[in-house]
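The values are calculated or read from the model by the stated rules, or taken from the named source; none is laboratory data. Since this is a predicted model, take the numbers as computed values, not measurements. Methodologically, a virtual Cβ is constructed for each residue, glycine included, from the backbone with ideal geometry; neighbour enumeration extends over all protein chains shown. Surface areas here come from the heavy atoms of the whole protein model, side chains and all, with no ligands, DNA or RNA. Shrake-Rupley method; radii C 1.70, N 1.55, O 1.52, S 1.80 Å.
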Amino acid sequence: MIKRKKTRVIQVGNVAIGGENPISIQSMTTTKTVDVKSTVQQIKELSIAGCEIVRVAVPDIASAEAIKQIKQLISIPLIADIHFDYKLAIASIKAGVDGLRLNPGNIGCEQNVLKVVEEARERKIPIRIGVNSGSLSKEKVRKYGVNAKSIVESALEHVAILEKANYHEIKISVKASSVPLTLESYQLLSSKTDYPLHLGVTEAGTEYRGIIKSSIGIGTLLSEGIGDTIRVSLTADPVKEITAGKEILKSLHIRKGLEIISCPTCGRTNIDLISLAEKVEEALIKYADIDLTVAVMGCIVNGPGEAREADFGIAGGIKEGLLFKKGEIISKVREEDLVPQLIKLIEENVKI
């Protein structure tokens, strides 16, 4: 059982973050924010996939003003991603955004930050201090180099500006593209603050590499009880970020949901196991949020015996297979009927 570090609670729209609240999954749109129709469509797709908080880029005033329309058409909290110009943060707040992400390395002088705080205070808009290893100030790099100390110190200095203004609606992230540096930075930060932390490995890469790096980085921190929100950053369709994030949480038993276990196949396998597993995964999409374990096994060695803890499963034979429930064999079925019969068995026993 993972024991989470207890952090302060903040409210991002209708989602409570920190404390004992569930770890939330975030993503970011890839559309141009001024294209309201495309942005709303993508947010709805993300929401259906399980995204609980979404971020949009705000590179100009037109994007900030588009937030007002976007907010009226979506149901999950919206975060404005701000760089360089504090006025864009203020415009986003006035447009009704639920939260801000600011980078202390490029937002400007302390006075500019304080102007944002005063606008945020009235609506208690949370501000995420987002420090990336690649966006440290030249002074910090000269002083310490790029390491956990410089990253965390940069984040806490910016937090101090907000605290000085008596503002505590704060979330922090300290991401790097290096997994070891990400781990060290979050571990150090967690030891120094009780603000909620947003986890991620920045610029993690394409889908395959990015999921591996993110799973190791985010998963390690979560297993240590660190983290209140997560984002799996991928150079891919952002819906895949949500799928990966959910799987990370489920694999650590932090969140319930469908778990499909399948063996890697070997020389004992006499059935098209890879295709079979893919068909089962596709057929069970509607059960994604149900606490259910389904096994797809290649032979009787890895069949009902090793998978007896699964709620339901199939084990391959020669052009046929076994259908089982909680380790008990239900019937022997032709290969082409295995998936339909498995789905039928599940539907007879599980309510969506």
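Might you tell me the accessible area per residue for the range 234-298, computed with a 1.4 Å probe and given in Å²?
On a per-residue basis, 52 Å².
Would you mind classifying the range 124-210 by shape? Square roots of the alpha carbon gyration tensor eigenvalues, ordered a ≥ b ≥ c; an a/c under 1.5 is rounded, otherwise it is prolate if a/b is larger than b/c and oblate if not.
oblate
Name the residues whose placed amide hydrogens come within less than 5 Å of the amide hydrogen of C299, ignoring near sequence neighbours (fewer than 5 apart) on the same chain.
Excluding prolines and chain starts, which carry no amide H, the hits are G316.
Can you give the accessible area of T31, probe radius 1.4 Å, in Å² rounded to 10?
T31 exposes around 30 Å² with every protein chain in place.
If the chain between K68 and D237 were fully stretched, how many nm would it gain, using 0.36 nm times the residue separation less the Cα-Cα distance?
Extending this stretch completely gives an extra 58.4 nm.
Test of understanding: express the Cα radius of gyration of the range 104-167 as a ratio to 2.2 N^0.38 Å, with N the residue count.
1.17
Under a 1.4 Å probe, what is the accessible area of the range 72-200 per residue, stated in Å²?
With the other protein chains kept in place, the range 72-200 gives 40 Å² per residue.
Starting from the Cα gyration tensor of the range 1-146, take the square roots of the eigenvalues, sort them a ≥ b ≥ c, and report rounded, prolate or oblate (rounded when a/c is under 1.5, otherwise prolate if a/b is larger than b/c, else oblate).
oblate
Gain in length, K94 to E281, computed as 0.36 nm per residue apart minus the alpha-carbon separation, to one decimal in nm?
63.0 nm
Comparing V232, V116, V333, which has the greatest mean-square fluctuation in the GNM of the chain with Cα pairs linked when under 10 Å apart?
Of the options given, V333 has the highest mean-square fluctuation.
Explain nothing, just the number: relative contact order of the range 206-261, from Cα pairs under 8 Å at least 6 residues apart, as a whole percent.
About 34 percent, as a whole number.
Please list, in order, the residues from the range 263-290 whose amide nitrogen is less than 16 Å from a point placed 7 Å along the Cα→Cβ vector of E336.
Only 272, 276 fall inside the zone, counting backbone N under 16 Å.
Report the full-extension gain for the segment Y208 to E163: residue separation times 0.36 nm, less the Cα-Cα distance, to one decimal in nm.
Going from the current span to full extension adds 12.2 nm.
Could you tell me the calculated FRET efficiency between T30 and K5, based on Cβ-Cβ distance and R0 = 56 angstrom, to the nearest 0.05?
0.95
Measuring from centroid to centroid over Cα atoms, what is the spacing of the range 1-75 and the range 188-265 in Å?
Between the Cα centres of the range 1-75 and the range 188-265 lies a distance of 17 Å.
On the protein heavy atoms, probe 1.4 angstrom, tell me the percent of accessible surface of the chain carried by carbon and sulfur.
51
Pop the C-beta distance of S191 and V350 into the FRET formula with R0 = 51 Å and round what comes out to the nearest 0.05.
Computed FRET efficiency for S191 and V350: 0.75.
If a/c stays under 1.5 just call it rounded; otherwise compare a/b with b/c (prolate if a/b is bigger, oblate if not). Do that for the chain, with a ≥ b ≥ c from the square roots of the Cα gyration tensor eigenvalues.
prolate
Can you list residues from other chains, or at least 5 along the same chain, whose modelled amide H is less than 5 Å from the amide H of R128?
L100, R101, L102, K171
Expressed as a rounded percentage, what relative contact order does the chain have, with Cα pairs under 8 Å and six or more residues apart?
It comes to 13 percent, rounded to a whole number.
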